[in-house]
Amino acid sequence: MRFVLGILTALAVLIGVPGIASAAPQDVHVVTYDAGRSAEFRQAVDQGAQIWNDSVKNVRFEPANGGSADVVVLADDGWPRTQPDDLGKGTVWMGREAVNEGHDVTRIAAHELGHILGLPDHRTGDCAELMSGASAGPSCKNPKPNAQEIAQVEQNFAGGARIVPRLIREEASR
Ligand SMILES: [Zn+2]
């Protein structure tokens, strides 16, 4: 009997039965992103995605392999902005206007991806916060979410949070 249970448990782990295999990969919500049209920002977008992957465990960004991506990242000359369609889905514009004002490109990418993960702007001017965005000024180069922001994202993807589809346009720091 113990042998049979052992086989069943091994099978459960292999096929990822929830509750038995608690760390099953399907517990992680995968968000695919397409940075193929983000021009000179491609590396920053990859870095921003990697920062989130290193920070949270309930959701993971993965580059889209053809087909349609959950998140499309584009480049243009406006202010950076994000149009979320749902939690983990939407469009990001990496606007050159903020980069031209000296804002850190990796911080911008991680910030916009933060909107995709359901975080709102929090314009406190605090550089320790990722979602303070441009309010922290161009001298702020911090591309990492703080503990509170990490906790909120973990909660969003643990509880199936929904977000309101609404264009989030960054504001100039001046
Ligand atoms: Zn923002």
| query | By DSSP, what percent of the beta bridges with both residues in the stretch 28-169 are antiparallel, rounded to the nearest 5? | reply | 35 percent
| request: Treating each Cα of the stretch 48-174 as an identical point scatterer and ignoring solvent, apply the Debye formula and state log10 I(q)/I(0) at q = 0.20, 0.23 Å⁻¹. | output: -1.15, -1.50
| Positive minus negative residues near residue 144 (Lys, Arg vs Asp, Glu; Cβ under 11 Å) | -1
| Once the Cβ-Cβ distance between residue 77 and residue 155 is put in as r, and R0 is 25 Å, what FRET efficiency do you end up with, to the nearest 0.05? | 0.10
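What full-extension length gain, to one decimal in nm, is calculated for residue 148 and residue 124 as 0.36 nm per residue of separation minus the Cα-Cα distance?
Full extension of this stretch gives 7.3 nm more.
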| Just the Cα atoms of the stretch 81-136, one point each, no solvent: what log10 I(q)/I(0) does Debye give at q = 0.13, 0.16, 0.21, 0.25 Å⁻¹? | -0.29, -0.44, -0.75, -1.00
| said: Show me, for the stretch 37-54, the HN-Hα J-couplings you get by feeding each phi into the Karplus relation (A = 6.51, B = -1.76, C = 1.60, θ = phi - 60°), rounded to Hz, glycine and proline as x. | reply: 10, 9, 6, 6, 8, 4, 5, 5, 5, 4, 5, x, 5, 5, 4, 5, 4, 7
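The numbers here are math on the coordinates, done by the rules we state, and not lab data. Everything quoted here is computed from the prediction, not taken from an experiment. Heads up, the Cβs are rebuilt from the backbone with ideal geometry, glycines too, and the neighbour counts pull from every protein chain shown.
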